[in-house]
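A short write-up of the structure that comes next.
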Amino acid sequence: MATDEAVIEVHGLTKAFYPKGLCKVVALDHVDLRVARGELTALVGPDGAGKTTLMRLVTGLMAPTAGTLTVVGYDVRQQAQAVQDRLSYMPQKFGLYEDLTVQENMNLYADLHGVPRAERTGRFNHLLSMMGLERFTGRLAGKLSGGMKQKLGLACTLVRSPDLLLLDEPTVGVDPLSRRELWTVLQQLVGEEHLSVFVSTAYMDEAARCQQVYVLNQGRMLAHDTPAGLTRRAQGLCYRVAPPKGVATRVLQSALLDDPAVQDAVPVGGQVHFITSVPDGRVGLLTRHGLTAQPAEARLEDAFMLLLHADQNGAANGRGETTLRGKAVGEDASNTSAAAAEQLAPVPAGEGDQVDIEVRDLVKKFGDFTAVAHTSFQVHRGEVFGLLGPNGAGKTTTFRMLCGLLPATSGQLSVAGVDLRKARTQARAHIGYVAQKFSLYEKLTVYENLCFFGGIYGLPRQQLAARIEAVMQEFQLTSRRDQPAISLPGGYKQRLAMAAALLHKPRILFLDEPTSGIDPLARRTFWQQITRLAAQGTTIIITTHFMDEAEYCDRMMIQDHGELLVLGRPSDIRRRMHLPDADMNEIFIAIVEQSREEGAKT
Amino acid sequence: MQTLTGWRLIWQHLLFLAHKELLALVKDPRMKFMLIMPPIIQGLIFGYAANYNLDEVPYALVDSSHSAASRDLIAHMDASPSFRRVATLGNVQEVSDYVDSGEIIMAVVIPEDFASKLERGETAPVQVLADGRNSSIAGIASGYVNAVVAQWNLDRAGGRSALSVETRTWYNPNQLTRWNFLPGLIGMISFVQVILLGGMSVAKEREEGTFDQLLVTPLTQTEILLGKAIPPILVGLFQSTALFLIALLWFRVPFQGSLGLLYLSLLLFAVSATGIGLSISSLARNMQQVLVYVLVFLMPMVLLSGIATPVANMPEALQIITYIDPMRFALDAIRRIYAEGASFMEIWPDFVPMLAIAAVTLPLAGWLFRRHAA
Amino acid sequence: MNGFPAFLRRLRALTRKEFAQLLRDNSSILMGVVLPLALIFIIGYGMSLDVDRVPTAVVLAEDSPTTRSAASFTVGSRYFSPVYVHSLPEAEVLMRQHAVNVIVHFPPDFSAKLARGEGTVQVLLNGEEATTAMSAQAYVQAAVLTWAASQGAARAGLGQASVVPRVWFNDANTSSWFFVPGILMLVLTISGVFLTAMVMAREWERGTFESLFVTPVRIFEVILAKVIPYFTVAIVGMGLCLVAGRLCYDLPMRGSLWLILGESMLYLIIALSMGLVISALTKNQYLACQVALLVSFLPTVMLSGFLFDLHSQPQAIQVISHFLPTTYYLELMKSLFLAGNYWPLIAEDTAILLGYAGFFIWLAFYLTRKKVA
């Protein structure tokens, strides 16, 4: 198979939308792209970069405004059906029919693609066992967990071997274990059937598995290269530094982010990984505190962040306006209290302090299925506590019980000193809740939403007005006060949700996958806010699928099949697993796999 | 944090919930359109369409008698404003074509021996053939012919003044069906709206994912339910008002009663309907189901209420079923207040079943809500 | 792999999927089967404009043989259910209480005045049920005048004319016969427009079309597969109504059954296409439902001649009515059930319905494209 043959050939592709009553939006701006046959090609970019639009244009589900678009040898504009006959496409939200069973969904797609009955059995069995779905063929698709749905979507897409496979963020909301399994399947198929794959993703470790990577931002193609080629751009700019004793990694990371000389900083393996062009990583903040950074290996993510920063700063300077994302631009900078962060205050030791959440022997059963089995833990005041686990592990159930959305079958559960079984309503006055999906009222404006929730939390009028002003300032929402929530960009929706949850100054903040679907730059800002809240004494419980975010937590617990597997500080867990240098992703997979093996033995 | 407590907190909760619900309705332009236009369009169209009144019954005449007597009878027919002669035919066979095509709904046949029978002092039959595809029209039309023929007989027998029938119709002097239908519509429109909006309220929040956010706030379930009940009632009252104005100002149907009593009945009615709507909302898993349930409930309730045909005309068994239909009683109350100017003492018996229905459906909604929604 | 066999295979797969979904969702069954049966029962038994046993107060202020003779028409009549009182105020109290709807008042000096040729009978009607009032008025008037005429005629030895009513097409003269064809239309409209608009809008709303479109499937097949199950549901609902109409109300079928079925399918195709058009325009279940309610359901009930005869409506409403396909379908059904095969009407209405079918099918295909917004 000749690798120089292109399955997608795109030149000068432009797509503009004309929303009613608004000015035109250019989703894609003169994009060039080439996907070679038999290769894995990745498309990365922050939320709203235009990835899905590009995918839809390639499938012929949308008509381009300008440019040429040739897919598997056909002009998509002229022969959309011919293209659709030859490719398989998995949209971001795969359209599984939830009232059909797993088997019925697969049969439907096999029939539509004309897979002969004889071939079907073998291929289905192969796909189902690869996806770990063979036990669930009779189950309704709607009853599968999020990760399993995603796998079934992929299985339906792969019922035949297409000329081109298009995947639009196939692993959103999928846990690390399932993600790894999905990619193994994909690479296996590329190897076995010489598939050509074009995949968009938010995960850099996935992009790193591809032969070519395209970086898209705000409708423009920033760069394309091999993963190694891209990574080289950040080579020699990356450093790692350990926080002083007693200081949480996230505090140092947050402070570093505020330093104008630092392009990016994330906590990794108990240290802070940062990018700077300052020689030897001698950033002002570090020298002031007598810390020295060690040079570190560049990662693909570092290159990606560099590209985004350069693009955003360039765009901001060029247009003379402030952008939403990007640290240290406009509004954002003025508000991050750099001075407070600079102190690198030691975190008050968690243990022994006031207990905000007390869970003892918690059990939740649905019929004869045990979703959560005999779980006990405590969360202390001002702690950031992570709830992790694969899809269907029971963490959502645990989380919902903690918020009082679901009654427990048995066990003790007290939140903010109130027994949830006795006084649920009373406990709710002390908590703030940010749902996974944006769940404020989309038609109401920022102000109206805040006003509603403030009123519901019982703030008297004068106090309500003052609090709304305060949170709008804190989350930089003042300029968007009268904008309907639906028209806010993703990062702002997130902030609004946070602002609404914090209006009544809750003692405990519950965050359910708050960062899924928001781009890496906005995620950095989000974690800075969390760091600040924790420093002020708010207790934070968070679930997430981004394992690197577990590094921000003081303590975390990992569940699988309803059982608590580990509970402790990230560094302790790392030590216990004898993987001192591993990142959280690897540790997570190691823990879950180890427990499943033991489970298989007994 | 200093927060409100006790009754002030509950009051604030309800106020903010209801305010939020109304805002969400008003903010959606499509929704706003659907709230305002349908009552107006329905009011106008139904006001004109809801008409059983026959001004000119199109009919065909077959005069086989060709006598002075028959011509005199025909002159009587022609003088009546109730009839319009469309065709004059030679024989009965030709009639069927006109009836089949719907050109006429009645034929009057005067037989050959009409005059001779009269002269012999016998009874001379005049045949009236009516199109039974619309039985009510047919019945009324042949009734009219009856009256004309009777008058003709009387005139022939003893002169015009022998006996006269004076008719007076209470509450609706011109016997316009519109006058019955429009006040009924005032009740129906808010019924439909309250059930539909109430039915949607919880299902919509659940589908949009905002429901969990609401459940983690200190709101109690009763408060959520009450907060959800207020806006549909307000919207229903608003739409009723729109229809009331259309009836009063556009169609000039005179209003005889007290406004306060009218709104009291509408309010009671809306409360009893809200219970039904919220029960549906708590049961349904998604909006599509809500719509189906609402339709399946609503159609029989509207049909049994007596808005289209009188309850008195229904068979005994069905009349008993109508006792669980709040719209039946609301309709009765509204019509009587509107047309008769009935007082509270006269219509309070209508309020009892409405209150009883509310007393059953509201707690039921609460129970279903606790079981299925939370 | 290509051509007709592939088309059939894909169509079969999609249709099977639609049926599976249909059977798993009780709301479709509720709407397709339960609602039609409820309607035929309630409308067939309950809705009646036929006036009988009207509660009537007969005021015999003067108890004389003359008045009793004049009032004799109320005795044993299936038309009236009389109570006899002796003063007008008494009767008026009864009417205010809604105990009676009609008062026939023979004044105290009735016989004396009658002898002088100045006799009057007062009829008071409750106008709140205008239809009942209208029939009752005509009936009382005719009865009283006929009585008077026969008195005079007897004296003069004259013969008199009488009316022999015969009702065509509806020998039993019941409303049920008149309503059943309308119920068929209602059932077809609900299943056709509502269900189709909703299930189609659901796929748009849930994004299931996105994955489905990027397969060899043609848009024609998607639409056809959607239409087949709901076509079936509607036909089943209609069949139930036909059987129920036949068994419960002895509904005659004077025209050909095949024509009834054929025309109903034609109308159903129009309804289904309208549902497709609505869903393609709204792509949202809630809105689709509201639009369906407004443009199909209400006009169907109110303007097609189902409840209110078109003859008695103002010109403007009649014009609007004649833009609705339902008007022609209903006219055709009433004629086929009650009158028989009247070919000129059948030809004309069929041609009009075919025109509508063609237009809506074209519009549905024109608006439904393999594109996402």
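What is the calculated FRET efficiency for B:F238 to C:N341, with r their C-beta to C-beta distance and R₀ = 56 Å, to the nearest 0.05?
0.65
So if I take the centroid of the Cα atoms in region A:44-65 and the same for region C:285-362, what is the distance between those two points in Å?
45 Å
Percent of accessible area on region A:439-505 owned by carbon and sulfur, 1.4 Å probe? Each step should come with its number before you reach the end.
Details: 1150 of 2190 Å².
Ligands and nucleic acids excluded, carbon and sulfur reach 52 percent.
Note down the magnitude of the dipole of chain C about its Cα centre, charges +1 on Lys and Arg C-beta and -1 on Asp and Glu C-beta and zero elsewhere, to the nearest 20 debye. Please list the in-between numbers first.
Details: 25 positive and 23 negative charges, 335 e Å.
Using Cβ point charges on Lys, Arg, Asp and Glu, chain C gives about 1600 debye.
On a 0 to 90° scale, report how tilted helix C:219-249 is relative to the longest principal axis of chain C, with both axes built from alpha carbons and the result rounded to the nearest 10.
The answer is roughly 30 degrees.
What are the radius of gyration and Dmax of region C:54-150, computed over its Cα atoms and given in Å?
Spelled out, the Cα radius of gyration and Dmax of region C:54-150 are 12.6, 36 Å.
Among A:G236, A:Q187, A:V247, pick out the residue whose Cα is farthest towards the positive end of the charge dipole of chain A, where Lys and Arg carry +1 and Asp and Glu carry -1 on C-beta, about the Cα centre.
A:V247
Excluding ligands, DNA and RNA, what is the accessible area buried between chains B and A, summed over both sides, using a 1.4 Å probe, to the nearest 100 Å²?
Working: alone 20440 and 25640 Å², together 43200 Å².
Interface between B and A: roughly 2900 Å².
Determine the total buried accessible area between chain A and chain C, counting protein heavy atoms only with a 1.4 Å probe; round to the nearest 100 Å².
Values: alone 25640 and 19550 Å², together 42530 Å².
Its buried surface, counting both partners, is about 2700 Å².
Could you tell me the extents of chain C's C-alpha atoms along the three principal axes, largest first, rounded to whole Å?
On the principal axes, chain C reaches 98, 43, 38 Å in Cα extent.
List the accessible area buried at the contact between B and C, summed over both sides and calculated with a 1.4 Å probe, in Å² to the nearest 100. Write out the running numbers ahead of the final one.
Details: alone 20440 and 19550 Å², together 30340 Å².
In total, this chain pair buries about 9700 Å².
Can you tell me the dipole magnitude for chain A around its Cα centre, using point charges on the Cβ only (Lys, Arg +1; Asp, Glu -1), in Debye to the nearest 20?
1440 debye
Within region B:57-158, what whole-number % of the accessible surface is contributed by carbon and sulfur, with the 1.4 Å probe and all protein chains included in the calculation?
Numbers: 1710 of 3680 Å².
The C+S portion of the solvent-accessible surface of region B:57-158 is 47 percent.
Suppose only helical runs count, i.e. DSSP H with n ≥ 4. What mean residue ellipticity at 222 nm does that imply for the protein assembly as shown under -39500 (n - 2.57) per run, divided by all residues and rounded to the nearest 500 deg cm²/dmol?
Numbers: 52 runs with 684 residues, N = 1349.
Mean residue ellipticity, 222 nm, calculated: -16000 deg cm²/dmol.
Loop only per DSSP, at most 13 neighbouring Cβ atoms within 10 Å: give me the trypsin sites (Lys or Arg not before Pro) in region C:30-78, ordered by residue number.
Numbers: sites: C:R53, C:R68, C:R78; in loops: C:R53, C:R78.
In loop regions of region C:30-78 (DSSP not H, G, I, E or B), the sparsely surrounded trypsin sites (Lys or Arg not before Pro) are C:R53, C:R78.
Could you list log10 I(q)/I(0) for the protein assembly as shown at q = 0.05, 0.06, 0.09 Å⁻¹, which the Debye formula gives when each Cα is one point scatterer?
So the normalised log intensities are -0.49, -0.66, -1.19.
Could you do me a favour and compute the accessible area per residue for the protein assembly as shown, 1.4 Å probe, result in Å²? Can you show the working numbers first?
Details: 50430 Å² over 1349 residues.
Value for the protein assembly as shown: 37 Å² per residue.
For region A:6-231, which whole percent of the accessible surface, found with a 1.4 angstrom probe, sits on carbon and sulfur atoms?
On the way: 3960 of 7840 Å².
Carbon and sulfur together cover 51 percent of it.
Where Rh denotes the Kirkwood radius from the mean inverse Cα pair distance, what is Rg over Rh for region A:439-505?
Working: Rg = 10.5 Å, Rh = 11.4 Å.
Result for region A:439-505 is an Rg/Rh of 0.92.
Once you compute Rg and the Kirkwood Rh from C-alpha atoms, what is the Rg to Rh ratio for chain A? Don't jump to the answer; show the numbers that get you there.
Values: Rg = 24.6 Å, Rh = 25.6 Å.
Value, to two decimals: 0.96.
Can you give me the Cα centroid spacing of region C:1-48 and region B:245-321 in angstrom?
Taking the Cα centre of region B:245-321 as reference, the centre of region C:1-48 is 29 Å away.
Show me the three semi-axes of the equivalent ellipsoid for region A:163-229, from the C-alpha gyration tensor (sqrt of 5 times each eigenvalue), largest first, rounded to whole Å.
Details: eigenvalues 79, 47, 26 Å².
They are 20, 15, 11 Å, listed from largest to smallest.
Could you give the semi-axes, largest first, of the ellipsoid that matches region A:6-231, computed as the square roots of 5 times the alpha carbon gyration tensor eigenvalues and rounded to whole Å? Intermediate values should be presented prior to the final figure.
Working: eigenvalues 167, 73, 64 Å².
For region A:6-231, the ellipsoid semi-axes come out as 29, 19, 18 Å.
Which one, C:I103, C:L257, B:M37, is farthest towards the positive end of the dipole of the protein assembly as shown when Lys and Arg carry +1 and Asp and Glu -1 on their Cβ?
Among C:I103, C:L257, B:M37, the one farthest towards the positive end of the dipole of the protein assembly as shown is B:M37.
List the aspartates and glutamates whose Cα sits under 13 Å from the Cα of A:K364, skipping any in the same chain fewer than 8 residues away.
A:E563
So for each of A:24-31, A:248-255 I average, over its residues, the number of other beta carbons within 10 Å; can you give me the resulting order with the highest mean first?
Working: A:24-31: 17.4, A:248-255: 25.5.
In descending order of packing, they fall as A:248-255, A:24-31.
Using the Kirkwood formula over every pair of different C-alpha atoms, what hydrodynamic radius in Å results for chain B? Don't skip to the end; give the middle numbers.
Numbers: mean 1/r = 0.0409 Å⁻¹.
Mean inverse Cα-Cα distance, inverted, gives 24.4 Å.
Sort A:218-231, B:140-153, C:350-363 by the packing proxy (mean of other Cβ within 10 Å over each peptide's residues), most packed first.
Working: A:218-231: 18.1, B:140-153: 24.4, C:350-363: 16.0.
Taking the mean over residues of other Cβ atoms within 10 Å, the ranking is B:140-153, A:218-231, C:350-363.
If you line up the Cα atoms of region A:455-602 on their principal axes, what length do they span on each, largest first, in Å?
The principal-axis extents, from largest down, are 61, 29, 25 Å.
Taking the alpha-carbon centroid of each part, what is the distance from region A:524-586 to region A:348-418 in angstrom?
So the separation of the two Cα centres works out to 15 Å.
Mind grabbing the base-10 log of I(q)/I(0) for region B:57-158 at q = 0.21 Å⁻¹? Debye formula, identical points on the C-alpha positions, no solvent, two decimal places.
Result of the Debye calculation: -1.11.
Report the charge-dipole magnitude of region C:54-150 in Debye, nearest 20, computed about the Cα centre from +1 at each Lys and Arg Cβ and -1 at each Asp and Glu Cβ.
Value, rounded to 20: 220 debye.
Picking from A:Q150, B:F251, A:T375, whose Cα lies most toward the positive end of the charge dipole for the protein assembly as shown (charges on Cβ: Lys, Arg +1; Asp, Glu -1)?
Of the candidates, A:T375 comes out farthest on the positive side.
Across chain C, how many lysine pairs, 8 or more positions apart or on different chains, have C-alpha atoms separated by under 16 Å? Please give the number.
For chain C, the number of qualifying lysine pairs is 5.
Just B:G184, B:G260, B:G199 to compare: in a GNM of chain B, with alpha carbon springs under 10 Å, which one fluctuates most?
With Cα springs under 10 Å in chain B, the top fluctuation among B:G184, B:G260, B:G199 is at B:G260.
Which residues, if any, in region A:404-420 have at least 30 Å² less accessible area in the whole protein complex than in the isolated chain, probe 1.4 Å?
Those are A:L405, which lose 30 Å² or more relative to the chain on its own.
Threshold 20 Å², probe 1.4 Å: give the residues of region B:305-327, in number order, that are less accessible with all protein chains present than with their chain alone.
B:A308, B:T309, B:P310, B:N313, B:P315, B:L318
The values are calculated or read from the model by the stated rules, or taken from the named source; none is laboratory data. Given the structure is predicted, the values throughout are model-derived calculations rather than measurements. Heads up, the Cβs are rebuilt from the backbone with ideal geometry, glycines too, and the neighbour counts pull from every protein chain shown. Surface areas here come from the heavy atoms of the whole protein model, side chains and all, with no ligands, DNA or RNA. Shrake-Rupley method; radii C 1.70, N 1.55, O 1.52, S 1.80 Å.
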